[in-house]
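First up is the structure itself, then whatever we jot down about it.
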């Protein structure tokens, strides 16, 4: 879930975001992030798919954000505080002990997955912490204590997709049948390898697009067949054309003079 990658102006005129992130200490490839939303009025936020899952502290509640298959629009109120632990693609399911597909396109209270007592204890610890991200990592570490996190499938699939392998090639590289590969991808990523490739390719396209690269060149460097293919995929996954997506992001950018604020950046698909 790329929660803060794109928020769009709702004619408030003064929307900005205070966003910070740092590498997680206990989980390779994970990111601890925090965000405070500043706005004169509630403003919709476009949540883009990025292949990741998050353990969240939001509005006084522990939540798990599952993998998204398309953009979701959620409301954000002024002054809301969020803290999250964003796992690398394919790694959260093992930590949480749940198949990723069961959480696909959902935001689920941790209490639906773990005992009320555990969630209550850790909710109090997060609420009282000076650094909530540290406590979220400790919570995740406890959840993962008895679990095997050494699954080779996530890293194998990601390496194969970066090399441009098709589904048969991915399956051969992991010594799986295509059916087994799809089932394993559903368990760890939340969707099959083809959908995962589309989501990750979107992330690869957004970085250079934000940097001002012409869209035709963005299509080439991100691995699309052509600019028309890029346009179709961006609209399908985000709900808006790429130009609109970038314009909305620019409108939501923080005022340059505001210390400690950033234009929403997020993981970009990681």
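Suppose we filter segment 175-213 for residues that are farther than 18 Å from residue 101 by Cβ and more than 25 Å from the chain's Cα centre (by Cα); how many remain?
Looking only at that region, the number is 2.
Quick check on segment 158-166. Is at least one of its residues under 19 Å from residue 99 (Cα atoms), touching a residue at least 24 places away in the same chain (Cβ under 8 Å) and part of a helix (DSSP H, G or I)?
Checked against the condition, which is being under 19 Å from residue 99 (Cα atoms), touching a residue at least 24 places away in the same chain (Cβ under 8 Å) and part of a helix (DSSP H, G or I), segment 158-166 yields at least one hit.
Can you tell which of 204, 184 is in contact with a helix residue (DSSP H, G or I) (Cβ under 7 Å, 6 or more places away or on another chain) and under 18 Å from residue 235 (Cβ atoms)?
Exactly one residue qualifies, and that residue is 204.
Report whether or not residue 111 is within 16 Å of the chain's Cα centre (by Cα) and in contact (Cβ under 8 Å) with a residue 40 or more places away in the chain.
Against the criterion (within 16 Å of the chain's Cα centre (by Cα) and in contact (Cβ under 8 Å) with a residue 40 or more places away in the chain), residue 111 does not qualify.
So if I check each of 163, 204, 179, 198, which one is closer than 20 Å to residue 89 by Cα, exposed (fewer than 14 other Cβ atoms within 10 Å of the Cβ) and outside the structural domain of residue 113 (by TED's automatic domain parsing)?
Going through 163, 204, 179, 198 in turn, just one is closer than 20 Å to residue 89 by Cα, exposed (fewer than 14 other Cβ atoms within 10 Å of the Cβ) and outside the structural domain of residue 113 (by TED's automatic domain parsing): 163.
Any residue at all in segment 144-155 that's in contact with a strand residue (DSSP E or B) (Cβ under 7 Å, 6 or more places away or on another chain), closer than 20 Å to residue 98 by Cβ and touching a residue at least 24 places away in the same chain (Cβ under 8 Å)?
no
Which members of segment 62-82 meet the condition of being outside any loop (DSSP other than H, G, I, E, B) and modelled with pLDDT under 95? Give the derivation first.
Filtering segment 62-82 for residues outside any loop (DSSP other than H, G, I, E, B) gives 62-65, 72-76, 81-82.
Scanning segment 62-82 gives 72, 73, 74, 75, 76, 81, 82.
Checking the condition at pLDDT 95 or above and either within 17 Å of residue 32 (Cα to Cα) or not in a helix (DSSP H, G or I) (or both), which residue from 111, 150, 141, 171 passes?
141
The values are calculated or read from the model by the stated rules, or taken from the named source; none is laboratory data. Small disclaimer: the values here were computed from a predicted structure and weren't measured. A quick note on method: Cβ atoms are made from the backbone with ideal geometry, for glycine too, and the neighbour counts reach across all protein chains shown.
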